[in-house]
Structures are given as structure tokens and as C-alpha cells.
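Below: the structure, in C-alpha cells.
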Amino acid sequence: QVGNMSSCSGYYLLTQADIDAGEVLNIAIATGTSPIGTMVMDTSNSSNPSDTIPDGSPTDTTTTMIPEMPSILVTKGSSLDLGIDGIATVGDTINYDFVVSNTGNVSLNSIVLSDSKATLTGCDSTSLQVGNMSNCTGYYLLRQVDIDAGEVLNIALVEGTSPMGTMVIDTSDSSNPVDTLPDGSPADTTVTLIPEMPDIELTKGSNLDLGSDGIATVGDTINYDFVVSNTGNVRLSPIVLSDSKA
């Protein structure tokens with residue numbers, strides 16, 4: 001009737017596209033017919049306090065803001081390839097496996113993975129939908145300083161950008177089973193242990209100096225030559241040579 005109102009309700013189920021957009025915009029239409037058959041129509045004005053134009057009057061479009069919660073996670077594991085000799089030597093390889101996960105509520109783009117030590121060989125994708133993962137790989141060639149230290153430690157970094165331009169960053173957690181904190185949670189640093197194989201070799205030669213007379217007499221000299229070789233895979237220090245007679 002004239003002057004009366006009718007209240008209505010409805011709902012809409014969010015899609016991922018809506019969440020990525022950060023808002024849902026829509027307009028309703030109401031139509032009615034008078035007793036003599038005249039049709040009237042109106043498009044909705046928003047009753048949301050935030051939906052106003054500069055003069056303070058309501059806008060036609062009802063805007064529902066969708067809060068974004070972008071988040072990214074990277075884990076990193078390592079395996080040591082010692083080659084056919086099974087001994088850690090310079091140039092042997094540490095292979096790294098990275099898993100980048102979208103743990104937020106919006107899609108992520110422009111994903112960049114970096115590592116201060118590893119040479120990265122590629123990732124499945126540089127964009128991730130919510131809940132998806134990307135597998136990445138890399139490697140590192142051992143140096144003598146790494147073998148002497150008995151381990152290689154490093155952390156990776158990943159960055160991604162939400163549809164609204166928010167950048168998210170994460171430093172890697174280790175997926176190596178041994179890299180855990182006292183409470184059982186993963187440590188940030190991925191530790192690759194390098195087995196040491198220390199070894200030393202000594203050879204000793206001699207020659208007899210009989211002097212000018214060519215006859216072995218008291219006081220003639222035996223001269224010794226020693227060669228000490230590091231035949232292991234780590235630096236040795238200090239080295240002490242002893243001989244019960246020389």
C-alpha cells in the first residue's frame with residue numbers, strides 16, 4: 001500500500017575471483033505495476049555508510065569489501081651427492097628442493113625465489129592460486145672451506161605479490177628431518193652435513209754418506225728424506241713429525 005515498505009533478504013557465495021578483486025559490486029532492480037498497468041522501476045541505492053559520493057548522497061552500486069590476507073611459505077631440503085668415490089671433495093654437489101606454498105586467501109603473482117648460495121635451476125610456476133604449491137630446484141658446489149667446516153648452512157627467501165599489490169615475504173624453513181628445534185618444529189636454517197675423511201701419509205727414504213774415505217766408520221751420516229702428504233679430504237693442522245733415531 002501507499003507509504004508502506006517491504007523488507008527482503010538474499011545472499012551471494014563468494015568466488016576466488018571476488019576475494020582476489022577485494023570487493024563485490026552489484027545493483028538491484030525493483031519493478032512494480034500500478035492499478036492501471038503502469039510499470040515503475042528503480043535501481044538500488046546503497047545503504048552502506050561507506051558507499052557515498054562526494055556530496056554525501058548514496059551511490060547506486062552496493063560495494064562489499066573483501067579483506068585480503070596474503071601469505072606465502074617456503075620450505076627447503078637438501079641432499080648431498082658425493083659422486084662415485086663416496087668421499088666429500090671439492091666440486092661435489094648439494095642438491096636443494098624448495099616448496100613454495102600459497103597459504104593466504106588470495107592468488108599470488110610475480111613469485112621470486114632467491115638463495116645466497118644455491119644456483120636455482122627453476123620453479124614449476126611464478127603464480128600460485130590459494131592452497132597451491134610450486135616445486136623448485138637448485139644446487140651448490142662444495143668448496144674446501146665447506147668440507148673443512150663439516151657443514152653448509154643457508155636460508156632461502158621467497159617473495160610474492162597479491163592482486164591488490166601487497167608484497168609478502170617468507171624465509172625458508174628446513175624440510176630436512178634432522179633440522180628441528182627442541183619443540184619439534186622446523187628450524188629456519190637448512191643444514192647439510194659434510195662427512196670428513198681425514199688421512200695422512202708419510203714416506204721416508206735414506207742415503208748413506210760414507211765420507212771421503214768411502215768406508216763406513218763411526219760418525220758417518222745417514223741422511224733421511226720425509227714426505228708428508230694429506231691424503232684425506234680436510235685440512236690438517238698442526239702436523240708433527242717425530243723419529244726415534246733421526
- Query: Of all residues in the range 199-221 being modelled with pLDDT under 95 and either within 44 Å of the chain's Cα centre (by Cα) or on the phi > 0 side of the Ramachandran plot (or both), which is surrounded by the most Cβ atoms within 10 Å (Cβ to Cβ)?
  - Reply: 211
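To keep it simple, each residue is scored yes or no on (1) touching a Ser or Thr at 6+ places or on another chain (Cβ under 9 Å); (2) open to solvent by less than 40 Å² (accessible area, probe 1.4 Å); (3) closer than 30 Å to residue 197 by Cβ; (4) of a type outside the set (Gly, Ala, Ser).
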| site | (1), (2), (3), (4) |
| --- | --- |
| 1 | no, no, no, yes |
| 8 | no, no, no, yes |
| 16 | yes, no, no, yes |
| 20 | yes, yes, no, yes |
| 23 | yes, no, no, yes |
| 55 | no, no, no, yes |
| 89 | no, no, yes, yes |
- Residue under evaluation residue 118, criteria (1) open to solvent by 30 Å² or more (accessible area, probe 1.4 Å); (2) closer than 17 Å to residue 189 by Cα; (3) free of Cβ contacts under 8 Å to residues at least 40 places away in the same chain, criterion not met: (1)
- The number of residues in the range 20-33 that are within 24 Å of residue 106 (Cα to Cα) and assigned to a strand (DSSP E or B) is 4
- Query: Is there a residue in the range 61-79 that is open to solvent by 50 Å² or more (accessible area, probe 1.4 Å), farther than 30 Å from residue 162 by Cα and at pLDDT 80 or above?
  - Reply: yes
- Between a first residue in the range 32-51 that is farther than 30 Å from residue 65 by Cα and a second residue that is part of a strand (DSSP E or B) and open to solvent by less than 50 Å² (accessible area, probe 1.4 Å), which pairs have beta carbons less than 7 Å apart while being 6 or more apart in sequence or on different chains? 40/32
- Note on the structure: Within the range 34-92, the count of residues that are in a strand (DSSP E or B) and within 26 Å of residue 20 (Cβ to Cβ) comes to 9
- Note on the structure: Scanning the range 114-148 residue by residue, those touching a Phe, Trp or Tyr at 6+ places or on another chain (Cβ under 8 Å) and farther than 15 Å from residue 78 by Cβ turn out to be 123
- Message: Under 6 Å between Cβ atoms, which residue pairs at least 6 apart in sequence (or on different chains) link something in the range 77-97 that is under 18 Å from residue 117 (Cα atoms) with a partner that is among the aromatic types (Phe, Trp, Tyr)?
- Response: 78/96; 93/139; 94/140; 95/139
- Task: Kindly indicate whether any position in the range 222-235 is surrounded by 12 or more Cβ atoms within 10 Å (Cβ to Cβ), touching a residue at least 12 places away in the same chain (Cβ under 8 Å) and under 26 Å from the mean Cα position of the chain (by Cα).
- Result: no
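The values are calculated or read from the model by the stated rules, or taken from the named source; none is laboratory data. Quick caveat, the model's predicted, so the values are computed rather than measured. Quick reminder, even Gly has a Cβ in these numbers, built from the backbone with ideal geometry, and neighbours come from all protein chains shown. Accessible surface areas use protein heavy atoms only, side chains included; no ligands, DNA or RNA. Shrake-Rupley method; radii C 1.70, N 1.55, O 1.52, S 1.80 Å.
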